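Structure, as structure tokens:
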Amino acid sequence: MDAFIHQVLSGLATGGIYASLALALVMIYQVTHLVNFAQGEMAMFSTYAAWSLINAGMGYWPAFLLTVLFAFALGVVIERVVIRPVEDAPVLAIVVIFIALLVILNSATGWIYSYTIKTFPSPFPKEPLFGNTYVSSHELGAIGVTLVVLVLLYVFFRFTPLGLAMRAVAQNPESSRLVGIRVGWMLALGWGLAAAVGAVAGMMIAPIVYLDPNMMGGILLYAFAAALLGGIESPFGAVLGGFVVGVLENVLGAYVIGNDLKLSVALGLIIGVLLVRPSGFFGRVHVTRV
Amino acid sequence: MALLEVKGLHASYGPTRVLHGMNFAIDEGSITAVLGANGAGKTTTLRALCGMVKTEGEVRFGGARIDGRLTEDIVRLGIAHVPDGRGTFVNLTTEENLRLGAYTHKDPAAVESDLERVFGYFPRLKERLRQQAGTLSGGEQQMLAVSRAMMLRPRLLLLDEPSFGLAPLLVRELFEIMRTVNQRERVSILLVEQNAAMALDLADHAYLIETGRVVLSGPADEIKRDDAVRRSYLGY
Ligand SMILES: Nc1ncnc2c1ncn2[C@@H]1O[C@H](COP(=O)(O)OP(=O)(O)OP(=O)(O)O)[C@@H](O)[C@H]1O
Ligand SMILES: [Mg+2]
């Protein structure tokens, strides 16, 4: 029983990371209607930046904050420089650009930092918190950080004029322009936020999976499964999907299919959802009168 | 001086030209009606003024060139546009739609008083504040679209068939509100309407357009007496 509880809790920890990344995917999907395949590599690249800062002697939390800002700027720049010029290009062209971005970030990181695996520090203590035996303090801390990020995003989108404007743009860019919203900047802001959320996920997962240029490959697949499960148009669904995928992955990996086949859980889910319920379990039913 | 002045305005969708050198002007404080058959280019004219289609030619607002500028910048100068099809944010609430209308105003107190002002015209919306806008009735959505535009506190209001889908009684009410908004708040109005008789009753000035050209213009009561207009648009 204890082992089972352990599996569930650490599933929630990685699930939170999938949830963050899934949310980042959803945020970009809502404005571009495309899945940003480079989301994971953007997170990985930012995590390396954090590693550099910490290695240069900066404290963990200052490095964390600076990295989030860096990732935000990276997202904005990528949108303005790479995505904007091809905004009206055919879908396939944009997908190719996403993949090119993925490859470029991956090999640039490998070139700068080499492909050798590095350890990445956790800001949380080594001893388990509250003397519990189920879950490491990093895992608990990661769940906490994820929840803080989710709450901040919720408050931003739900209660601020800027958040409202971003939701408006996601829904109806033309009407948004007609109320004076600078749509182009909102898109850039969306990319910035998604990248920042991804960077947090990267820094939280790195102590668990270690730092290497390919660290996000599998994780993005889980996040993608989570987003699909919840419905690629539903931020709430994507978050829930993330936690569900995390727990499923861990429990199935431990008891059913073994650790080596864990990734196939994600693939199975993706295929299953696409077959059974392509709009996901929280896929929005558009209520509209015409 | 004219508030809006249009000279040699061309507009096209891709390779297809739809407006062929339109000339017209709107006086400050006036109501101007634009009449024309389906496909004449009325909607396109409004879209062209707001930079929503590719244009050539000159558009001046308050004396300054606005052609070629971004839609959001034109809007910020004080031109509110109730588009064809209403442009409702269907998944947001009524209140969120209205607040988006005031997006460019940063003073919260002013926004609250604008909300009250709009509810004064359309009390029904106040009862629907928390409702998802896509689930409002067609008429309510039309009121919402007009209200959203008024939240901008515009100098010029562009209305694309505001009576579309409204019951006759509501149309009358809406036109009365337009008159009040025009007189009390000194908002100039450019009105595209299928309901030519009512539009001409309301307007000071009118333009008739055919296949992307202005073919007739003058004071509304003169246009009303024009034989061709009577036969084609007023039906008597
Ligand atoms: N997006 C578009 N792409 C190509 N052609 C268009 C587009 N929108 C309109 N047109 C064409 O431009 C012409 C003018 O259309 P517009 O919508 O301005 O007419 P309208 O006067 O508003 O008509 P209605 O009374 O039916 O609303 C029409 O011939 C139409 O087919
Ligand atoms: Mg039209």
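The values are calculated or read from the model by the stated rules, or taken from the named source; none is laboratory data. Nothing here was measured: the structure is a model prediction, and the numbers come from that model. Every residue, glycine as well, gets a Cβ built from its backbone with ideal geometry; the counts of neighbours run over all protein chains shown. Accessible surface is based on the protein model in full, side chains and every heavy atom, while ligands, DNA and RNA are left aside. Shrake-Rupley method; radii C 1.70, N 1.55, O 1.52, S 1.80 Å.
Listed values, structure above:
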| quantity | calculated |
| --- | --- |
| Using alpha-carbon coordinates, inclination of helix A:137-159 to the longest axis of chain A, degrees | 20 degrees |
| FRET efficiency estimate (nearest 0.05) - Cβ-Cβ, residue A:117 to residue B:64, R0 60 angstrom | 0.50 |
| GNM result for chain A, Cα springs below 10 Å: residue of A:168, A:194, A:50 fluctuating most strongly | A:168 |
| Rounded accessible area per residue of the protein assembly as shown, 1.4 Å, Å² | 44 Å² |
| Simple Cβ-charge dipole of chain B, Lys/Arg +1 and Asp/Glu -1, about Cα centre, in debye nearest 20 | 280 debye |
| Distance in nm between pseudo-label sites at residue B:211 and residue A:100 (7 Å out along the Cβ direction from Cα) | 4.5 nm |
| Positive-end residue, segment B:126-236 charge dipole about Cα centroid, Cβ charges, pick of B:165, B:192, B:136 | B:136 |
| Under the Debye formula (equal points on every Cα, no solvent term), log10 I(q)/I(0) of chain A at q = 0.08, 0.14 Å⁻¹ | -0.33, -1.04 |
| Residue-span extension gain [residue B:232 to residue B:172] - 0.36 nm each, minus C-alpha spacing | 19.4 nm |
| With every protein chain in place, segment B:89-153: carbon and sulfur % of accessible area (1.4 Å) | 54 percent |
| Cleavage-rule hits, trypsin sites (Lys or Arg not before Pro), segment B:137-236, DSSP coil, Cβ neighbours within 10 Å at most 14 | B:186 |
| Exposed-loop-free span, longest in chain A, where trypsin sites (Lys or Arg not before Pro) count as exposed if DSSP calls them loop and at most 16 other C-beta atoms lie within 10 Å | A:127-283 |
| Nearest-20 debye value, segment B:89-153 charge dipole, Cβ charges on Lys, Arg, Asp, Glu | 80 debye |
| Angle in degrees between helix A:183-209 and the longest Cα principal axis of chain A, rounded to the nearest 10 | 10 degrees |
| Where only C-alpha atoms are counted, convex hull volume of segment A:149-234 per residue in Å³ | 109 Å³ |
| Inverse mean reciprocal Cα-Cα distance (Kirkwood Rh) of segment A:1-153, Å | 17.5 Å |
| Under 15 Å from residue A:118, Cα to Cα: aspartates and glutamates that are on another chain or at least 8 residues apart | A:212 |
| Distance in nm between pseudo-label sites at residue A:210 and residue B:127 (7 Å out along the Cβ direction from Cα) | 6.8 nm |
| Separation between Cα centres of segment A:1-65 and segment B:31-65, rounded to whole Å | 49 Å |
| Mean Cα-pair separation over length for chain B, i.e. relative contact order, pairs under 8 Å, 6 or more apart, % | 27 percent |
| Ratio Rg/Rh, restricted to the protein assembly as shown and using Cα atoms, in which Rh is the Kirkwood radius | 1.08 |
| Euclidean distance of C-alpha centroids, segment A:69-113 and segment A:168-240, integer Å | 14 Å |
| For the pair B and A, total buried accessible area rounded to nearest 100 Å², probe 1.4 Å | 2300 Å² |
| Among A:170, A:229, A:208 the positive-end extreme of the charge dipole of segment A:114-247 (Cβ point charges) | A:170 |
| Rounded to 10°, Cα long-axis angle of helix A:2-32 versus longest principal axis of chain A | 20 degrees |
| Under 20 Å from residue B:224, Cα to Cα: lysines that are on another chain or at least 8 residues apart | B:42 |
| Inter-label distance for residue A:251 and residue A:277, nm, one decimal - labels placed 7 Å from Cα along Cα-to-Cβ | 1.6 nm |
| Computed P(r) (all Cα pairs; chain B; 5 Å bins; percent) | 1, 7, 14, 19, 20, 17, 12, 7, 3, 0, 0 |
| Computed Rg/Rh of segment B:89-153, alpha carbon atoms with Kirkwood Rh | 0.93 |
| Radius, Kirkwood style, for segment A:68-172 when every pair of distinct Cα atoms is counted (Å) | 17.9 Å |
| Residues listed by number, segment A:205-222, amide nitrogen under 17 Å from residue A:259 label point at 7 Å toward C-beta | A:206-211, A:218-219 |
